[in-house]
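The values are calculated or read from the model by the stated rules, or taken from the named source; none is laboratory data. This one's a predicted model, so the numbers in the text were calculated from it and none came from an experiment. Cβ placement follows ideal geometry from the backbone for every residue including glycine, while neighbour counts extend to all protein chains displayed.
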There are 4 protein chains.
Amino acid sequence: MTDEHPRTFKCVGILAHPQRPETFSLADQVAAWLRARDIEATALMHWDQEHTDPSGWNLAIGIGGDGTVLRAARVCAALGVPVVGINMGRLGFLAEMSPSNWQAGLAAVLRGDCWIEERLMIEAEWSTNSNVVYREEALNEVVISRGIVARIVEFETYIDSAWTTTYRADALIIATPTGSTAYALAVGGPILPPELRNLVVVPVAAHLSLDRPLVLSGNAVIEVVTHCSHQAVLTVDGRLAGQLEDGDRVTIRATGHVSRFVRTGERTYFYRSILDRMEPKSRI
Amino acid sequence: MTDEHPRTFKCVGILAHPQRPETFSLADQVAAWLRARDIEATALMHWDQEHTDPSGWNLAIGIGGDGTVLRAARVCAALGVPVVGINMGRLGFLAEMSPSNWQAGLAAVLRGDCWIEERLMIEAEWSTNSNVVYREEALNEVVISRGIVARIVEFETYIDSAWTTTYRADALIIATPTGSTAYALAVGGPILPPELRNLVVVPVAAHLSLDRPLVLSGNAVIEVVTHCSHQAVLTVDGRLAGQLEDGDRVTIRATGHVSRFVRTGERTYFYRSILDRMEPKSRI
Amino acid sequence: MTDEHPRTFKCVGILAHPQRPETFSLADQVAAWLRARDIEATALMHWDQEHTDPSGWNLAIGIGGDGTVLRAARVCAALGVPVVGINMGRLGFLAEMSPSNWQAGLAAVLRGDCWIEERLMIEAEWSTNSNVVYREEALNEVVISRGIVARIVEFETYIDSAWTTTYRADALIIATPTGSTAYALAVGGPILPPELRNLVVVPVAAHLSLDRPLVLSGNAVIEVVTHCSHQAVLTVDGRLAGQLEDGDRVTIRATGHVSRFVRTGERTYFYRSILDRMEPKSRI
Amino acid sequence: MTDEHPRTFKCVGILAHPQRPETFSLADQVAAWLRARDIEATALMHWDQEHTDPSGWNLAIGIGGDGTVLRAARVCAALGVPVVGINMGRLGFLAEMSPSNWQAGLAAVLRGDCWIEERLMIEAEWSTNSNVVYREEALNEVVISRGIVARIVEFETYIDSAWTTTYRADALIIATPTGSTAYALAVGGPILPPELRNLVVVPVAAHLSLDRPLVLSGNAVIEVVTHCSHQAVLTVDGRLAGQLEDGDRVTIRATGHVSRFVRTGERTYFYRSILDRMEPKSRI
């Protein structure tokens, strides 16, 4: 257990998946289980990132798929509240526990048999005519992509203020190590363990332009000026931020924040969790 | 020169790029050049695929980028009118001639120093509840893709009526050999010379599902049933066909038609034309 | 059942894996099972490709991994003897039956509930100073590769006598559709179903030269002139043919032969057999 | 100019390419040029890494291709002597100067208009039966690969003592950021700028096993236990170290050393140098 671990849990927030009622009853069970141990528990079913305030929480429990855990982590990042996920979704790379083992898992957390995994967060700052019109934090990735019309977008890309290359592609992904196993993985990006502090830049469907992933320092500032004859959109952690105008600039950099995940297993759990699932079925 | 080559050119259609006026003056020059040789020439500036009738043409000349040549080829495919392109665009994989050498090129064509390259065409047939709502022919590719919201689409895929695999991806491309050097190339597809009669199936951003291209016989019938929580769209040769409903089926197969391109160079021109451009700059 | 299917099986050759004694007892069991049905059966334990004569056989049964079935197929190709495999190996893409179901499988074959799958074969012809020094047939692939010293080899490549490109790579693979799921698959090649008549060309570790697979017509003649400062070797279906001198030429083309495999399942078995194994474990 | 830059250059070593006499005359010219500026200059034509002692040098100048600069850097790493390259080779990713501009370049270095780029180095420690039999430092990469017989090797891989995955492949590359643009680039690895402190692990021709690059912390210790039925060899920075026995272990980790390169251009030179060469020719 690291020094950053809260010694006591007085107040826990429980965040269910607002569109999946089957997560509600589990949220209620978890709340009851915590209250029986004299811990204040707040179960939120209908919540959104903008209006959820984790002040006072010593722990947040996300119940759902990776998307729910991701949203819980984004809610908690600014205040440094640690998060643990109970996976009721398909894959669950982020979630620590399952509907069948959460009681043992939470018991381990309460008695301190756990550690805190800190994961880099980045932000996207979107400027039109040098005016910042949007700024949002991401745990997985920032994506700039074409709209539904099949026209290539040009991504004029600067690293630390120096022009690096201009991608001609369907999309450009700037991912954290956490995001390296999400969307970036689907387009050939490398895998980075969660404790790294690097950024990954990888194009989608690069057409006769650089098609290789770049791995950068966590201090890098990436600026992307987007040129398109049709539509280009900005997506942050899977959420549509809006439609870019030709010439708009998106600046991506690490924020000071980290997402803090509570882990009860081995520190090397990551490789087993990810690689076991990626390997072809025929293996062994 | 093959047997299929028209012995005489009495009537030639010239198709400029409707949105690029710089192609209009070249179209007029080409028309004048042909008329000076007693050939009837019709130069169309503002045309579209639906309303352009190539009946009576012995040759069509497309002036613009690959997009213009592609559209000219689609207009001419049903009647078997051969097409030649004059490239005023960026890349010009399809075009034979350039603004600086078209006179020598057309002179060669008129005296029969040329051959006809026939390229496979495919069609997309889109069904909702077993009703065909759309059918269109393609020279490059049929694409089913997600809309602007970053949600993976499931593509339940059948080859010759047998379930093959279900892709989870941003998009699925079914390309002809001609299309193998267009969009499919940008997502890792193999290169096929234009005379082949195969189909290529390649997913875009496959997420923990099959990510390898399939090359099929030209007789294969490919059916794709699309499942999506948000939006999925059908695009045929770069043109948006419409928005699919969950469960809609798109059937792709070769049509009997071929696109017929007039070529004046070597029959192996293809490799030089394509590979020279793909190789990295540092090469020699 | 196709017309090519032998109406009666009078004589069957059984080919075990010479280095794996556990295949010998199964070979004996299969021979006894056949003899009990009045079929002449010859079980060979210690055999090699050069000295095994399948004359008179109506069927060959290979027992082992894909390597054994491959060698059985090569032995039988020239005489058109059909082959069936019983898989005692790791993967078994080629084998039809298993140690637990071969009796039902052979019974189906004997009563004609089967079909013959014909697969393209290619040959490698190796010339030094215009003298042919080696010629061998392959069902999977021909590979020219560097030796153990890590120096890039240059592969000057001609298709139908026209220079196509010069790869700078560790190796160059020329594969059949059968081979598309063997070594070529490991380096990003596309998957071709076994009935296709195409060739696939794919480099291994291409260094700043063309790195994309080519798919060619089955009529294509591929010539590779190899340039290396150190060692380069020729490998045919996994067997080392010898060490090339700088400037040696290897010509690869389809032979008239096909390998004939007896199949008892669906004609679309291929996709299930291959794709099920390739998909990541996390699927579903 | 960084603090680490030597204020004065009293003694410079010049390292030509021992097998390329055309580098000798340039080495002599450079030596004469330096001596004319009262700097002691030693030009070595026939040298090897083992017996070259850079003690007392304030600067080493490598003349040749990237291989020569690499070897010069390895000679100098332990003593921290900075290196500059004059490129007479094909690509020259490492070299700063060319035969036509070295005088201006060296003049800039002498007056301090330069900076020192430090690049991570790694070592390979090879053990048989727990006895270390070889240890060598690398600036580019450590490679374990199959020999000339086309049999897959199994690479049982541990990161920080935890089993991570077992690759089945032709080879496994463990590269530095410098090496990310060498061999690793040819097999799909990501590009890392030289100032990063990460390691990259990437398999060559992975066969139904993990085929995605891993990017690790510079603190990671990677152990690879090699299993092969035939031959496996260890190669360090392109030099053959020897033939591994089945079960041998190679441990790769960063050493405390860095290679120090003298640079006279922009700190962002890297992207232009690399990416300009990687982009397809058709670009622009």
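Overview of results
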read-out	value
Pairs where the first residue, in segment A:258-282, is touching a residue at least 60 places away in the same chain (Cβ under 8 Å) and the second is of a type in the set (Phe, Trp, Tyr) and outside any strand (DSSP E or B), C-beta under 8 Å, 6+ apart	A:Arg263/A:Tyr269; A:Ser273/A:Phe93; A:Ile274/A:Phe93
Residues of segment C:136-179 that turn out to be touching a residue at least 24 places away in the same chain (Cβ under 8 Å), over 22 Å from C:Gly189 (Cβ atoms) and assigned to a strand (DSSP E or B), as a count	0
Hits in segment D:196-217 (condition: over 17 Å from D:Glu156 (Cβ atoms), touching a Ser or Thr at 6+ places or on another chain (Cβ under 9 Å) and more than 7 Å from chain A (Cβ to nearest Cβ))	D:Arg197, D:Leu199, D:Val200
Pairs where the first residue, in segment D:123-135, is aliphatic (A, V, I, L, M) and the second is surrounded by 13 or more Cβ atoms within 10 Å (Cβ to Cβ), C-beta under 6 Å, 6+ apart	D:Ala124/D:Glu136; D:Ala124/D:Val142; D:Ala124/D:Val236; D:Ala124/D:Val250; D:Ala124/D:Ile252; D:Val132/D:Glu125; D:Val133/D:Trp126
B:Ile222 vs. criteria among the aliphatic types (A, V, I, L, M), under 25 Å from C:Arg267 (Cβ atoms), away from chain C (no Cβ under 11 Å) and surrounded by fewer than 23 Cβ atoms within 10 Å (Cβ to Cβ)	yes
Test for C:Leu234: is it within 12 Å of chain B (Cβ to nearest Cβ) and either farther than 30 Å from B:Ile174 by Cβ or assigned to a helix (DSSP H, G or I) (or both)	no
Segment A:137-150 - residue that is in contact with a Ser or Thr (Cβ under 9 Å, 6 or more places away or on another chain) and either within 8 Å of another protein chain (Cβ to nearest Cβ) or surrounded by fewer than 21 Cβ atoms within 10 Å (Cβ to Cβ) (or both) and, of those, nearest to A:Leu70 (Cα to Cα)	A:Glu137
Selection count, segment D:11-34, where residues are touching a strand residue (DSSP E or B) at 6+ places or on another chain (Cβ under 6 Å) and either under 14 Å from D:Trp57 (Cα atoms) or aromatic (Phe, Trp, Tyr) (or both)	7
Residue count, segment C:266-284 (criterion: surrounded by 15 or more Cβ atoms within 10 Å (Cβ to Cβ) and either of a type in the set (Ser, Thr, Tyr) or over 30 Å from A:Gly89 (Cβ atoms) (or both))	6
Residue in segment A:151-166 that is more than 24 Å from A:Asp246 (Cα to Cα) and at the interface with chain D (Cβ under 10 Å from one of its Cβ atoms) present	no
Some residue of segment A:241-252 being surrounded by fewer than 16 Cβ atoms within 10 Å (Cβ to Cβ), at positive phi and not in a loop (DSSP other than H, G, I, E, B)	yes
A:Gly238 being of a type in the set (Gly, Ala, Ser), surrounded by fewer than 18 Cβ atoms within 10 Å (Cβ to Cβ) and assigned by TED's automatic domain parsing to the domain that holds A:Gly188	no
Some residue of segment C:196-204 being within 26 Å of D:His230 (Cα to Cα), among the hydrophobic types (A, V, I, L, M, F, W, C) and touching a Pro at 6+ places or on another chain (Cβ under 8 Å)	yes
Number of the condition not met by D:Leu196 [criteria: (1) at pLDDT 95 or above; (2) over 28 Å from D:Asp276 (Cβ atoms); (3) surrounded by fewer than 24 Cβ atoms within 10 Å (Cβ to Cβ)]	(2)
Condition met for D:Gly67 (within 28 Å of D:Gly179 (Cα to Cα) and either small (Gly, Ala, Ser) or in contact with a helix residue (DSSP H, G or I) (Cβ under 8 Å, 6 or more places away or on another chain) (or both))	yes
In segment B:227-236, residue nearest to the chain's Cα centre (by Cα) [restricted to those that are modelled with pLDDT of 95 or more and farther than 15 Å from B:Val132 by Cα]	B:Val236
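Here's the yes/no breakdown for (1) at pLDDT below 95; (2) touching a helix residue (DSSP H, G or I) at 6+ places or on another chain (Cβ under 7 Å):
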site: A:Ser130; (1), (2): yes, no
site: A:Tyr134; (1), (2): no, no
site: A:Asn140; (1), (2): no, yes
site: A:Arg151; (1), (2): yes, no
site: A:Phe155; (1), (2): no, no
site: A:Tyr158; (1), (2): no, no
site: A:Ala169; (1), (2): no, no
site: A:Ile174; (1), (2): no, no
site: A:Thr178; (1), (2): no, no
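To keep it simple, each residue is scored yes or no on (1) surrounded by 17 or more Cβ atoms within 10 Å (Cβ to Cβ); (2) outside the structural domain of B:Asp246 (by TED's automatic domain parsing); (3) not acidic (Asp, Glu).
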position	(1), (2), (3)
B:Ile86	yes, yes, yes
B:Leu94	yes, yes, yes
B:Leu106	yes, yes, yes
B:Tyr134	no, no, yes
B:Thr165	yes, no, yes
B:Ile174	yes, no, yes
B:Gly179	yes, no, yes
